[in-house]
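**Q** One structure is given below, represented as structure tokens, and several questions about it will come after.
The values are calculated or read from the model by the stated rules, or taken from the named source; none is laboratory data. Everything quoted here is computed from the prediction, not taken from an experiment. Methodologically, a virtual Cβ is constructed for each residue, glycine included, from the backbone with ideal geometry; neighbour enumeration extends over all protein chains shown.
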Amino acid sequence: MKTRKKSDLDTQARLLQSACEVFAEKGYSDATIADICERAGANIAAANYYFRDKANLYAEAWRQAFHRSLEIYPADGNVPPGASPEERLRGRIQSILQRIADPQSYEFDIMYKELVNQTGLLVDVMQESIEPIRRGLFVLMRELLGEKASDLQVQLCQMSTRAQCFDLIIREQRRKKSPDGKKFSSAPFLDMDADVAVLADHILRFSLAGIQEIRRQIENGTIPIPQGSKNISRRMAVPLDQDILWPPKSPISDNENNHFQVWG
């Protein structure tokens with residue numbers, strides 16, 4: 001069996017790192033293989049050899065960025081499995097916030113560009129990479145809500161908790177586009193770099209208050225069982241053994257609510 005030369009591995013690694021940076025800055029449409037190769041100090045032939053084409057390089061760059069983030073900030077927040085569900089939820093919230101706040105964590109920058117200008121090229125790699133984290137959060141949310149909660153109720157609480165974290169993606173993108181990295185609004189807001197723990201604590205308290213109230217209503221029988229529209233049922237109320245991802249690979253109409261449902 002042939003062993004790859006260190007120089008080959010270095011070239012491939014440089015191309016991946018460069019692709020992460022370029023796709024995070026420009027998005028898929030505006031990035032070029034020439035840009036990526038120039039930054040990596042490699043030639044286009046090397047990029048074609050290792051990654052075949054731009055679409056494959058795009059997917060592999062996101063995969064690299066995602067796994068690098070998880071190596072630094074594990075999805076469980078390094079909270080042990082035996083901890084209380086409240087502590088474990090805080091660990092997951094903090095992990096997401098840390099990954100968003102890290103300027104070297106390109107996964108969210110690439111994802112944001114994909115949401116703005118959808119290609120569908122990340123659907124498979126995101127499903128493969130994120131699904132285990134999403135399932136873990138589902139199980140944790142089920143533990144907090146109790147066994148009487150329906151799958152849809154669990155998924156709605158899961159979505160609501162994640163959404164508080166992902167608002168920060170929009171804030172960070174606006175900040176990056178503003179002159180000298182200044183805040184885009186004059187309204188006071190926490191410093192992402194310094195106050196991740198403060199944000200994690202707030203999102204935890206806010207989420208637990210809602211989760212505990214919903215659990216109380218479920219157990220008292222005072223909360224209606226959500227039936228959901230056809231769209232909600234199609235996007236969220238599906239068994240756990242089926243794949244859940246939004247947006248789909250094909251283009252969707254402007255009146256659809258475009259967002260990924262699997263983010264962990």
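**Q** Which pairs do you get when a residue that is of a type in the set (Ser, Thr, Tyr), found in the stretch 1-17, comes within reach of a residue that is at pLDDT 65 or above, reach meaning Cβ atoms under 6 angstrom, with the pair 6+ apart or on two chains?
**A** THR11/ALA42; THR11/ALA46
**Q** Let me ask you something else. Taking the stretch 61-75, which residues are crowded, with 19+ Cβ neighbours inside 10 Å and either of a type in the set (D, E, K, R) or outside any helix (DSSP H, G or I) (or both)?
**A** Listed by number, the residues that qualify are ARG68, TYR73, ALA75.
**Q** With at pLDDT 90 or above and assigned to a loop (DSSP other than H, G, I, E, B) as the only criterion, which of GLY210, GLY120 stands out? Break it down stepwise before answering.
**A** Values: GLY210 fails: assigned to a loop (DSSP other than H, G, I, E, B).
Testing whether each residue is at pLDDT 90 or above and assigned to a loop (DSSP other than H, G, I, E, B) leaves just GLY120.
**Q** Against the definition (touching a residue at least 12 places away in the same chain (Cβ under 8 Å), at positive phi and in a helix (DSSP H, G or I)), how does GLY27 come out, yes or no?
**A** Numbers: touching a residue at least 12 places away in the same chain (Cβ under 8 Å): yes; at positive phi: yes; in a helix (DSSP H, G or I): yes.
Yes, satisfied.
**Q** Go through the stretch 61-76 and report how many residues are farther than 11 Å from VAL125 by Cα and in contact (Cβ under 8 Å) with a residue 60 or more places away in the chain. Let's see the steps before the verdict.
**A** The first filter runs over the stretch 61-76 and keeps only residues farther than 11 Å from VAL125 by Cα, leaving 65, 67-76.
Cutting the leftovers down to in contact (Cβ under 8 Å) with a residue 60 or more places away in the chain gives us 67, 75-76.
Final tally of qualifying residues: 3.
**Q** Quick check on the stretch 126-173: of everything there that is in contact with an Asp or Glu (Cβ under 8 Å, 6 or more places away or on another chain) and surrounded by fewer than 18 Cβ atoms within 10 Å (Cβ to Cβ), which residue is farthest from GLU71 (Cα to Cα)? If you could, list the steps in order and put the result at the bottom.
**A** Keep residues of the stretch 126-173 that are in contact with an Asp or Glu (Cβ under 8 Å, 6 or more places away or on another chain), which gives 127, 131, 136, 144, 146, 148, 173.
After this cut, where a residue has to be surrounded by fewer than 18 Cβ atoms within 10 Å (Cβ to Cβ) as well, the list is 127, 131, 136, 146, 148, 173.
Numbers: GLN127: 18, GLU131: 17, GLY136: 17, GLY146: 31, LYS148: 35, GLN173: 23 Å.
The qualifying residue farthest from GLU71 (Cα to Cα) is LYS148.
**Q** Moving on. Are any residues in the stretch 94-117 within 25 Å of ARG205 (Cα to Cα) and assigned to a loop (DSSP other than H, G, I, E, B), and if so, which ones?
**A** From the stretch 94-117, those within 25 Å of ARG205 (Cα to Cα) are 94-102, 108; that's our starting set.
Of everything in the stretch 94-117, just one residue is within 25 Å of ARG205 (Cα to Cα) and assigned to a loop (DSSP other than H, G, I, E, B), namely ASP102.
**Q** Out of the residues in the stretch 49-58 that are more than 16 Å from GLU107 (Cα to Cα) and without any contact (Cβ under 8 Å) to a residue 12 or more places away in the chain, which is surrounded by the most Cβ atoms within 10 Å (Cβ to Cβ)?
**A** Ranking the qualifying residues of the stretch 49-58, first place goes to TYR49.
**Q** Yes or no: the stretch 149-168 includes at least one residue that is modelled with pLDDT under 85 and either assigned to a helix (DSSP H, G or I) or assigned by TED's automatic domain parsing to the domain that holds ASP109 (or both). Even if it seems obvious, please write down each step before you answer.
**A** Keep residues of the stretch 149-168 that are modelled with pLDDT under 85, which gives 167-168.
With the extra rule that they be either assigned to a helix (DSSP H, G or I) or assigned by TED's automatic domain parsing to the domain that holds ASP109 (or both), the set shrinks to 167-168.
So far as the stretch 149-168 goes, yes, one or more of its residues are modelled with pLDDT under 85 and either assigned to a helix (DSSP H, G or I) or assigned by TED's automatic domain parsing to the domain that holds ASP109 (or both).
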